[in-house]
Structure formats: structure tokens, C-alpha cells
Amino acid sequence: MLSSQILQNTIDGLKNITRREFSVLEREGKVTSSTEADMLNTQVDAAADFVRSAAESQLVQGYQYFKVFDNGIAEYVVLIKGEDEETYRIGKIAAFQIQGLIVAYKERFDRDNFIKNLLLDNLLLVDIYGRAKKLRIENTVRRVVYVIEARGDEDTGTVEIVRNIFPAKTRDFVTVVDQDHIILVKELKNTDAIDDIEAHAKAICDTLATEAMSPVRVAIGTCINDLKFVSRSYKEAKMALEVGKIFDVTNLVTNYETLGIGRLIYQLPMSLCRMFVNEVLNGITIDSFDEETLVTVDKFFDNNLNVSETSRQLYIHRNTLVYRLDKLQKLTGLDLRNFDDAIIFKITMMVSKYMRHKENQLF
């Protein structure tokens, strides 16, 4: 079944070209789309009788009716206002147009179903290549998987917006795996570098933020050269999305290839994380530190352990910053002005963020 929005867009376009009024009805007679506002969602009993008849077209009370078939079954009825021969020809063209849409969307559904099963690792290797050939999808092409987390309303049409960003509909695949995540399997040029790949992700963020007014995060898997590796790139992108939400909250685009130490921490067991934090902090936790201390430490790390620059950006006296660092040293035994101690505390903060994230998932 085509969505009412697609049907409405189609008949609006036809009206702009022909200056005729169109309506599309479901087989039971309900008007699902119309260029006449007073026709929407009304019930046309004559249409249901027409569907049951053997005729493919019919003239009833100033409207011409045309059947639209799906596998030999009348799925829709097109109504066009007018009784002349020209109106009849236009009505036949409209029915033919919608018939073509049904075929195109069924083919896209088959492709969509194939891509979903490919992402979820539900296909045997022989099935991957066999179905790809049948659906005219090239196998050995450079591709990458993007996972798009967009928590918008269903009516915002985020999937269609993403599809319109990348108009190469036979080469790029956009599908949905759950309520909050859209997957883009994008074909790449051989010349596309990491900057180009991330530029596509930023374009998605900017477009959805503008058109769908939806908060967006995009994660990127590694590039692959064979369809059988699509699921691997998808899993990497999913991991990148989670790691980004833990360790890099402000960055809306996360690339699996640049996760750094976050990738290692994400794969640590919780028991080992607790042991490490307890060993470094002598029984206390990161949550024990006040907000002022944590902000100071973050800024100190951002400025590469530069005391003067950090105090300037925090609008505090240099001695005040030194006092805060000394206070932290008394609590933890770590002097953040020392590179080795700074690394240990930085990792401790990251491990603590990971632990908090995992604990929040349990509730």
C-alpha cells in the first residue's frame, strides 16, 4: 500500500499539469487523497460497487472512475472530475502513473527487505549474492554504513528527508530498523576520503535539524568493498553511536575509525572498571567531586595541562587554580600537572562515564 502522502503529492502534481480535480480512493470507497478538500476522508459508495464490477472505467455523476491494479486486484480507484474525452484520457494517465508507483515501491520494498536482512546478518553467503543479482545490486562496490539516531515525530518524515539528501536511489539504501534509528548504506567514490565520508554525516545532521526539527546523532562504520561485510560496518557504526554518546556528547558525528581509547573502555567488563576506579580513587568515586572541580579538570585537560591558559579561560587567578589542583592531589594522590598522573585521572573519568552509562541502561 502506498502512503496517503505519496498519493497526495502525485495527484497534486497532476492537477498542476492538467488543471483537473483528482481523488484516490481505497477499494472500500474511502477517499484517502484528493485535490478537493471537501472530498478527503469521505465515503463514496459507488466506488465499492465499481471495484466489484468487471469494468475498468466508469462514468458516475460527473466523475470518471478508473481502477488501479496490484497483482490483478483493484487496489485503488482514481476519480477525475469531468465527462469529456480529454478528461477520460487524463484519468487513464493518472491511473497508469499510480500503477507505476505501486510497482516501483514494491521493488523498493524488496530491496529494503534485502538490506535489512543483510544488516542483521540473516542471510547465507550464497543468498546474499543470489538476491543481490536478482535485485540488480552490485556486490563489489565501496560502501559505508551510517546509523542515524533521530527522535522526531512520525509525521516529520525523517526517512524520506534522508532519502532526498542522497538522490542516487538505486545505489544508496535508506531503511529503518527501529523507532529511533535510520540506516543509510551509502555507495562511495574511490576518491572519497574520511573527510568526505564525515561531510555526508554532517549534511544529514544539518538537514534533519532544519527540516525535521529533530535532534540528531550520526555514527559511521568502516568502509567495506563487499556486500557480505555490510553487517560488520553496521555493528561498528552502532558501537560508534554508543561510544560517542558516552565520551563525546557535544560532537553529533562519531566515526568508528577515530574512537580512540573510548573503543577500548567500551569493551571492558564492569567488574574490571570498578576495580580500576577503586584502585585509583582509593574508595571514592568521580561523583564525589563537586562540579567546580570537574569543570576545572576538564578545562585543564583541554588546554594540555597549561596552568596559565586554563586560569585565564576560567577567569580565576593562577593561585586559585593551583589550590584546586593541590586539593585534588590530597584526595587522590594524583598531581594533574604530572603527565602520567593526568593520563591516569583522564582514563578514570572516562571509565566512570562508561560505568554510569551502563548502570543507567539497567533502569
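For the stretch 30-141, with all protein chains in place and a probe radius of 1.4 Å, 53% of the accessible heavy-atom surface sits on carbon or sulfur.
To the nearest ten degrees, helix 270-281 and the longest principal axis of the Cα atoms of the chain are 30 degrees apart. Rounded to the nearest 10 degrees, the angle from helix 339-361 to the longest Cα principal axis of the chain is 40 degrees.
Would you mind getting the accessible area per residue of the chain, heavy atoms of the protein chains only, 1.4 Å probe, in Å²? Working shown, then result.
Numbers: 19880 Å² over 363 residues.
Here the per-residue accessible area is 55 Å².
For residue 176, the amide hydrogen comes within under 5 Å of the amide hydrogens of 183, counting only partners 5 or more places away or on other chains and with H modelled in the peptide plane. Ordering 280, 25, 204 by Cα displacement along the dipole of the chain toward the positive end leaves 280 in first place; charges were set at the Cβ atoms of Lys, Arg (+1) and Asp, Glu (-1).
Here the accessible area of the stretch 208-301 is 55 percent carbon and sulfur, with a 1.4 angstrom probe and all protein chains present.
Rounded to the nearest 10 degrees, the inclination of helix 230-247 to the longest alpha-carbon principal axis of the chain is 50 degrees. Of all lysines in the structure, the ones whose alpha carbon falls short of 17 Å from that of residue 235, not counting any fewer than 8 places away in one chain, are 116, 186, 245.
A DSSP coil position with no more than 13 other Cβ atoms inside 10 Å describes the following trypsin sites (Lys or Arg not before Pro) in the stretch 4-96: 19. Taking the structure as given and computing P(r) over Cα pairs in 20 Å bins from 0, in percent, which label from (1) 32, 58, 11; (2) 23, 38, 25, 12, 2; (3) 28, 55, 14, 3, 0 fits? Of the listed options (1) 32, 58, 11; (2) 23, 38, 25, 12, 2; (3) 28, 55, 14, 3, 0, (2) comes from this structure.
The values are calculated or read from the model by the stated rules, or taken from the named source; none is laboratory data. Just so it is clear, the model here is predicted, and its values are computed rather than measured. As a convention, Cβ positions derive from the backbone with ideal geometry for all residues, glycine included, and neighbour counts pool all protein chains shown. The area values use the complete protein model at the heavy-atom level, side chains included, leaving out ligands, DNA and RNA. Shrake-Rupley method; radii C 1.70, N 1.55, O 1.52, S 1.80 Å.
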